[in-house]
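Notes to accompany the following structure.
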Amino acid sequence: MADPLLAVRDLRVRFETDEGVVRAVDGVDFDVGEGETVCLVGESGSGKTVACESITRLLPDSAAVDGKIRFDGTDLTDCSASELESYRGGRIGHVFQNPQDALDPVYTVGEQVVEAIRIHRDVSKATAREEAVALLDRVGIGEAEARFGDYPHQFSGGMKQRVVVAMALAPDPDLLIADEPTTALDVTIQRQVLELLADLQAERGMALLFVTHDLGVVAEIADRVVVMYAGKVMETGGVHELFDDPAHPYTRALLACLPGRGEGFETIGGSIPEPTDPPDGCRFHPRCPHAVDDCETGDQPAFRAVDGGRADTDSGGSGGPEGDTDAGGTDHEVACLLYDDDHALPPELGVSDD
Ligand code: SF4
């Protein structure tokens, strides 16, 4: 199998704070293949944004980052600041939640797209201007030529986000990281921006790493899903496997919160643990309706390959997507004790042990 475009291995990010050490991301693995859309999903505080911001080191200096982040064969964790600069906003584009933060109010939107083109490519101002107008047109800015000279404050929130998408696409990235890009927009505009991103991803063949707490969005755009909770990955798999056969109680709880998908418990009781004081054992155990004594001690359960409701325990717990899943080619894996041979799997979680 071809190497993934992006491979994140054993990523750990911690911050020293007055309250203690925050382990925002604590041993996370995931891949993004060329042209693939991978969604990082979880509640606020799950670590998904910090994981994404680690990739091109957008984190504050106070962050201590360990692990490997390989992009197209280059380990970004070994890159100098200037080397990383060439990736950031170049081969790796970013779109954030609030477009207001990404736009400079004193420059016209056209100037900002031109700048995004010329910072990474050696083209004349005239060529960049032509490309900028075409990009603005492509992302749905009506009368793009006429609006080239307008300032950000003359655009609505949705239109600003379209401009930010145009800027991110300007250097023709291989990977676009979009962190809750529609959350700040109203519902109808959210859908338009999502459709735009999906169309652009398909026509350019770029990979998309999409951060969201909204499984409805995931269902529409993802090829694969990585479910995070309290700085750890709980489950990962293809979008169809994950929606048709969710294995982890947390994934099932998230899905049960989707309108029309109640599966026993429709809200997730309790709250995500304090990041300075995560529980021992499975981090989800204080909220898990299926927790057993063994869930409360030791480390986070190892990954098991899920095979039709009962994990394939012969895989021995791969520790993440890189491992040998040995499950008929599936990459559907779960970190839950109920999926090993020593614990009874409740019938509602799949195949009974009888
Ligand atoms: Fe629940 Fe235990 Fe599985 Fe964690 S390991 S999700 S607490 S059953």
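The values are calculated or read from the model by the stated rules, or taken from the named source; none is laboratory data. If you're wondering where the values come from, they're calculated on a predicted model, not measured in any experiment. Here the Cβ is made from the backbone with ideal geometry for all residues, glycine too, and neighbour counts use every protein chain on show. Heavy atoms of the whole protein, side chains included, go into the accessibility calculation; ligands, DNA and RNA do not. Shrake-Rupley method; radii C 1.70, N 1.55, O 1.52, S 1.80 Å.
Restricting attention to region 138-178, report how many residues are part of a loop (DSSP other than H, G, I, E, B) and farther than 27 Å from GLU34 by Cβ.
Going through region 138-178 one residue at a time, the tally reaches 9.
Residue by residue through region 227-248, note down the ones that are away from the ligand (no atom under 16 Å from the Cβ), in contact (Cβ under 8 Å) with a residue 12 or more places away in the chain and not small (Gly, Ala, Ser).
VAL239, GLU241, PHE243
Output the residues belonging to region 200-224 that are closer than 16 Å to THR251 by Cα, of a type in the set (A, V, I, L, M, F, W, C) and surrounded by fewer than 18 Cβ atoms within 10 Å (Cβ to Cβ).
Matches in region 200-224: ALA219 only.
Taking the condition of being open to solvent by 30 Å² or more (accessible area, probe 1.4 Å) and at pLDDT 90 or above, how many residues in region 225-265 meet it?
Within region 225-265, residues that are open to solvent by 30 Å² or more (accessible area, probe 1.4 Å) and at pLDDT 90 or above number 6.
Which one of ALA302, ALA344, ALA311 is open to solvent by 20 Å² or more (accessible area, probe 1.4 Å), at pLDDT 50 or above, farther than 17 Å from ASP29 by Cα and of a type in the set (Gly, Ala, Ser)?
The unique qualifying residue is ALA344.
List the pairs whose first member sits in region 101-114 and is without any contact (Cβ under 8 Å) to a residue 12 or more places away in the chain, whose second member is among the acidic types (Asp, Glu), and whose Cβ atoms are under 9 Å apart, counting only residues at least 6 apart or on separate chains?
Listed by first residue and then by second, the contacts come to GLU111/ASP104.
All but one of (1) touching a Pro at 6+ places or on another chain (Cβ under 7 Å); (2) not in a helix (DSSP H, G or I) hold for VAL123, so report the exception by its number.
Result: VAL123 fails condition (1) only.
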